[in-house]
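Report on the following structure.
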Amino acid sequence: MSCFITFEGPDGSGKTTQIQALYDDLVGEGYPVLLVREPGGTDIGDQIRAVLHDVKNVDMMPNAEVLLYSASRAQLVGQVIRPALETGKVVLCDRYAESTMAYQGYGYNLDQELLKAITTFATGGLRPDLIVYLDIDVEEGLRRKEIGFRRGKGEWNRMDQKELDFHQRVRSAYLRMAAAEPERWFVVDATHPIVSIQDSIRKRVKRLLGEKGIGRTVRSHGRLGEEGGTNEAHR
Ligand code: TMP
């Protein structure tokens, strides 16, 4: 039995902080967990990430962007995520296919059906059991991200430079996707205190793990790199 959980949100929603907190909690409780991120998470994917996020690459075509994000995803799914799921791990992924639907699909208004086909090709049809979505007003999110970046936290990448309308389309797309599949999406208000967000995500995830019959396998008390937890996300 395995479980695949992804985190999504507009830029600056705090999802990276939250996914790390969930990872630490689950490892601490002895669950076999793997944490990865997109784009990247493999050596090849990290090289693709560098091209995608280089602020100099302002000329990148939207279809080239889709294919690069999808190439990074194909590598991550094939090389890391599927093998981990096959050994019964709980896989946490910071962004996944829904980012492509929201950012490229709705941000650029591309053909949704075509994007779904490309995504299915890249992932072999692997979909998350649960998508944790941290919702935030896009101006507030970008403001938070910029403040964090100035303080030496996180990166300011090519996508952050897109106009406000682009980011607003991304957020509406997320909200629409979440409303269409409420059993798969867990929507959290990212303006709530960090600890209460952490608590509600933990409860939702523990419920899912219980439903899937996934138990603790390791008597670890959770430092990164110990048996049971593997953090590939922020190498
Ligand atoms: P992050 O690592 O701070 O979440 O930044 C990743 C950026 O890449 C973010 O702006 C969203 C963007 N992105 C896409 O546009 N499409 C995708 O498919 C993925 C995975 C990310």
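The values are calculated or read from the model by the stated rules, or taken from the named source; none is laboratory data. The shown structure was predicted, so the numbers you read here are calculated from the model rather than taken from an experiment. Note that we place each Cβ from the backbone using ideal geometry, even for glycine, and neighbour counts take in every protein chain shown.
Selection of the range 1-33 for residues being surrounded by fewer than 24 Cβ atoms within 10 Å (Cβ to Cβ) and part of a strand (DSSP E or B) yields Cys3, Phe4. Residue under question is Val218, and the condition is that it be in a strand (DSSP E or B) and either at pLDDT 90 or above or surrounded by 14 or more Cβ atoms within 10 Å (Cβ to Cβ) (or both); does it hold? Taking the combined requirement at face value, the residue does not satisfy it. Considering the range 138-163, the residues that are within 20 Å of Pro62 (Cβ to Cβ) and modelled with pLDDT under 95 include one that is surrounded by the fewest Cβ atoms within 10 Å (Cβ to Cβ), namely Glu163. Pairing each residue of the range 23-51 that is over 25 Å from Ile214 (Cβ atoms) with any residue that is surrounded by fewer than 22 Cβ atoms within 10 Å (Cβ to Cβ) and of a type in the set (Gly, Ala, Ser), provided the two are 6+ apart or on different chains, yields C-beta distances under 6 Å for Ile48/Ala71. Only a single criterion out of (1) over 16 Å from Val36 (Cα atoms); (2) within 14 Å of the ligand (Cβ to nearest atom); (3) surrounded by 15 or more Cβ atoms within 10 Å (Cβ to Cβ); (4) modelled with pLDDT of 95 or more is not satisfied by Asp135, namely (2).
Gly213 fulfils the conditions (1) closer than 23 Å to Ile131 by Cβ; (2) at pLDDT 95 or above; (3) of a type outside the set (A, V, I, L, M, F, W, C); (4) surrounded by fewer than 14 Cβ atoms within 10 Å (Cβ to Cβ) except for a single criterion, (2).
Against the criterion of being touching a Ser or Thr at 6+ places or on another chain (Cβ under 7 Å) and not charged (D, E, K, R), Leu76 qualifies. Just one of the numbered conditions (1) at pLDDT below 95; (2) part of a loop (DSSP other than H, G, I, E, B) is not true of Thr191: (1). Is there a residue in the range 165-172 that is within 14 Å of the ligand (Cβ to nearest atom) and under 16 Å from the mean Cα position of the chain (by Cα)? Checking the range 165-172: at least one residue is within 14 Å of the ligand (Cβ to nearest atom) and under 16 Å from the mean Cα position of the chain (by Cα). Would the range 113-124 turn up any residue that is buried (at least 19 other Cβ atoms within 10 Å of the Cβ), modelled with pLDDT of 95 or more and basic (Lys, Arg)? Looking for residues that are buried (at least 19 other Cβ atoms within 10 Å of the Cβ), modelled with pLDDT of 95 or more and basic (Lys, Arg), one finds none in the range 113-124, hence no. How about the range 39-53: which of its residues are in a loop (DSSP other than H, G, I, E, B) and more than 12 Å from the ligand (Cβ to nearest atom)? Selection gives Thr42 alone. Can you find a residue in the range 119-131 that is of a type in the set (Ser, Thr, Tyr), away from the ligand (no atom under 11 Å from the Cβ), free of Cβ contacts under 8 Å to residues at least 24 places away in the same chain and not in a loop (DSSP other than H, G, I, E, B)? Checking the range 119-131: at least one residue is of a type in the set (Ser, Thr, Tyr), away from the ligand (no atom under 11 Å from the Cβ), free of Cβ contacts under 8 Å to residues at least 24 places away in the same chain and not in a loop (DSSP other than H, G, I, E, B).
Which of the residues spanning the range 55-71 are among the charged types (D, E, K, R) and more than 12 Å from the ligand (Cβ to nearest atom)?
Across the range 55-71, the qualifying residues are Lys56, Asp59.
With the structure loaded, tell me whether Tyr108 is among the aromatic types (Phe, Trp, Tyr), touching a helix residue (DSSP H, G or I) at 6+ places or on another chain (Cβ under 8 Å) and under 24 Å from Gly154 (Cα atoms) or whether it fails that test. Against the criterion (among the aromatic types (Phe, Trp, Tyr), touching a helix residue (DSSP H, G or I) at 6+ places or on another chain (Cβ under 8 Å) and under 24 Å from Gly154 (Cα atoms)), Tyr108 does not qualify. Condition check for Arg95 on (1) within 10 Å of the ligand (Cβ to nearest atom); (2) surrounded by fewer than 22 Cβ atoms within 10 Å (Cβ to Cβ); (3) at positive phi: one failure, at (2).
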